[in-house]
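**Student:** Questions regarding the structure given below will be posed in turn.
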Amino acid sequence: MKAAIISLGSTSSQWIAEALKRCFDEVENLSLKDIEIEIGAQTGKGVLYKGKPLKQYDCVYAKGSFRYSTLLRAITTQLKKTTYMPTEEQAFTRAHDKLLTHLKLQEHGVPMPKTYIVPSAESAKKLLKKVTYPIIIKMPSGTHGKGVMFADSSESAITMIDTLALLKQPFLIQEYVETEGKDIRAFVVGEKVVAAMQRSAGKGDKRANLHSGGEGTPIFLEDPERKIAIQAAQAMQAEICGVDMLKGPKGPLVIEINISPGLQGITKATKINIAEKIASYLYKKTREFKGIKTKTVTEELKELIPEENQPEKELITTIDFRGERILLPKLATTLSKIKEGEEIIINAKKGKIEVKKK
């Protein structure tokens, strides 16, 4: 099978391309800036790369900044019928517009801070008389914490609003949730949160984004946080994305969805090979898209589970970390037949862990 990643050529994209090579027969890393769309062409034939029709791929992972959201949507619209793509075309428009993001999250019942959409400076100034300070003021577009402003008084808010009025576009006013400058980035791949980190704002900043000087540390998410992150990703129709949340007094609140998330910060913080998880997921979903049968877990177990009188079998696989906790693969749990609540003995030393029933 053939795969391609269409991106702006970041380090994260290069990592994913290298990981894809361990799954697919052929992989290409294509520059988004060299893509053209021929409108009116036959579906799947209107995507050009360096002026020539794009080759046929079984899987294409398209990602890029908000400046290319329209192009990314057009690419997906042209290719989705014949190629597996993990992001629906509408997601590129919604996720790169904070206003549309909040509307979609509300539609799907995803909890988020109370947010107001205001069309003009006049309506915003009327609203300022009703809100409790401090507040957050956001521009509809922007990434890496840009376009997000903190106002601790009516006076400072009015100054910001007068400046935004020059852009002649709606903007958002959002309640401020005190988290001591911390937020959570949950990295969703399919129906799983494969990694999560807590981001802490840099000195003198309220934004916890790493691109704004924040610092990331690994964190173990509780079930409610995981469920909300996955719910938000599904609402945006993005199978691979970063979900940013705040820990509010009443539970987690989603503040943003990043459908072209970088890997460097969260990989460094969590030590989890996220590029490998993305590649494995894309390979699995591409096989499903192409109608290639994959062995079920039951079929694999029949081959792997030893008979009672046979010696134990060795499994070569990977493990997941949740914070400082190790999660064993499902096959290991099934083969060992160790059940929840049973007493076990753990022998551990550098490079080796042995678990057995007491």
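The values are calculated or read from the model by the stated rules, or taken from the named source; none is laboratory data. Please read all numbers here as calculations on a predicted model, not as lab measurements. Cβ atoms come from the backbone with ideal geometry, glycine included; neighbour counts cover every protein chain shown.
**Student:** Does ILE292 count as surrounded by 20 or more Cβ atoms within 10 Å (Cβ to Cβ), touching a helix residue (DSSP H, G or I) at 6+ places or on another chain (Cβ under 9 Å) and at negative phi?
**Tutor:** no
**Student:** Then there's this: Please return the ranges of helices (runs of 4 or more DSSP H) entirely within region 1-99 where 3 or more residues are among the small types (Gly, Ala, Ser) and within 22 Å of the chain's Cα centre (by Cα).
**Tutor:** Qualifying helices (runs of 4 or more DSSP H): 11-20.
**Student:** Could you please tell me which pairs satisfy a Cβ distance under 6 Å, a separation of 6+ or placement on different chains, a first residue in region 155-176 that is more than 15 Å from THR115 (Cβ to Cβ), and a second residue that is in a helix (DSSP H, G or I)?
**Tutor:** ILE161/ALA121; ILE161/ALA124; ALA165/ALA121
**Student:** So is GLN14 within 11 Å of LYS2 (Cβ to Cβ) and of a type outside the set (D, E, K, R) or not? Spell out the reasoning first.
**Tutor:** Working: within 11 Å of LYS2 (Cβ to Cβ): no; of a type outside the set (D, E, K, R): yes.
Answer is no for this residue.
**Student:** How many residues are β-branched (Val, Ile, Thr) and buried (at least 20 other Cβ atoms within 10 Å of the Cβ) if we restrict to region 163-176? If you could, list the steps in order and put the result at the bottom.
**Tutor:** From region 163-176, those β-branched (Val, Ile, Thr) are 163, 173; that's our starting set.
Narrowing further to those that are buried (at least 20 other Cβ atoms within 10 Å of the Cβ): 173.
Final tally of qualifying residues: 1.
**Student:** Follow-up question, since we're still on this one. With respect to the numbered conditions (1) surrounded by fewer than 15 Cβ atoms within 10 Å (Cβ to Cβ); (2) among the hydroxyl-bearing types (Ser, Thr, Tyr); (3) at pLDDT below 85; (4) part of a loop (DSSP other than H, G, I, E, B), which one is the sole condition not fulfilled by THR179?
**Tutor:** Condition (1) is where THR179 drops out.
**Student:** Now, a different point. Go through region 78-114 residue by residue and tally those that are of a type in the set (Ser, Thr, Tyr) and under 16 Å from PHE289 (Cα atoms). Talk me through it step by step, then tell me what you get.
**Tutor:** Taking region 78-114 as the starting set, the residues that turn out to be of a type in the set (Ser, Thr, Tyr) are 82-84, 87, 93, 101.
Right, trim to under 16 Å from PHE289 (Cα atoms) and you get 82-84, 87.
Looking only at that region, the number is 4.
**Student:** Scan GLY147, GLY190 and give me the residue that is assigned by TED's automatic domain parsing to the domain that holds ALA201 and at positive phi.
**Tutor:** On the way: GLY147 fails: assigned by TED's automatic domain parsing to the domain that holds ALA201.
Exactly one residue qualifies, and that residue is GLY190.
**Student:** Here's something else I'd like to know. Please identify the pairs in which a residue from region 1-29 that is free of Cβ contacts under 8 Å to residues at least 24 places away in the same chain has its Cβ atom under 9 Å from the Cβ atom of a residue that is among the acidic types (Asp, Glu) and surrounded by fewer than 21 Cβ atoms within 10 Å (Cβ to Cβ), counting only partners at least 6 apart or on another chain.
**Tutor:** Taking only residues 6 or more apart or on different chains, the pairs are ALA17/GLU28.
**Student:** Does ALA269 satisfy the condition of being assigned to a helix (DSSP H, G or I), within 21 Å of the chain's Cα centre (by Cα), modelled with pLDDT of 60 or more and farther than 24 Å from LYS21 by Cβ? Please lay out each step first, then the result.
**Tutor:** On the way: assigned to a helix (DSSP H, G or I): yes; within 21 Å of the chain's Cα centre (by Cα): yes; modelled with pLDDT of 60 or more: yes; farther than 24 Å from LYS21 by Cβ: yes.
Yes.
**Student:** If the requirement is being outside any helix (DSSP H, G or I) and either farther than 30 Å from GLU215 by Cβ or modelled with pLDDT of 95 or more (or both), which of these qualifies: THR294, THR298?
**Tutor:** Values: THR298 fails: outside any helix (DSSP H, G or I).
The match here is THR294.
**Student:** What pairs come out if I take residues in region 101-118 that are over 23 Å from THR179 (Cβ atoms) and pair them with residues that are among the basic types (Lys, Arg) whose C-beta lies under 8 Å away, six or more apart or interchain?
**Tutor:** Within 8 Å, the pairs are LYS104/ARG94.
**Student:** Test each condition in (1) closer than 12 Å to ALA186 by Cα; (2) surrounded by 22 or more Cβ atoms within 10 Å (Cβ to Cβ) for LYS227 and report the one that comes out false.
**Tutor:** Of everything listed in (1) closer than 12 Å to ALA186 by Cα; (2) surrounded by 22 or more Cβ atoms within 10 Å (Cβ to Cβ), LYS227 misses just condition (2).
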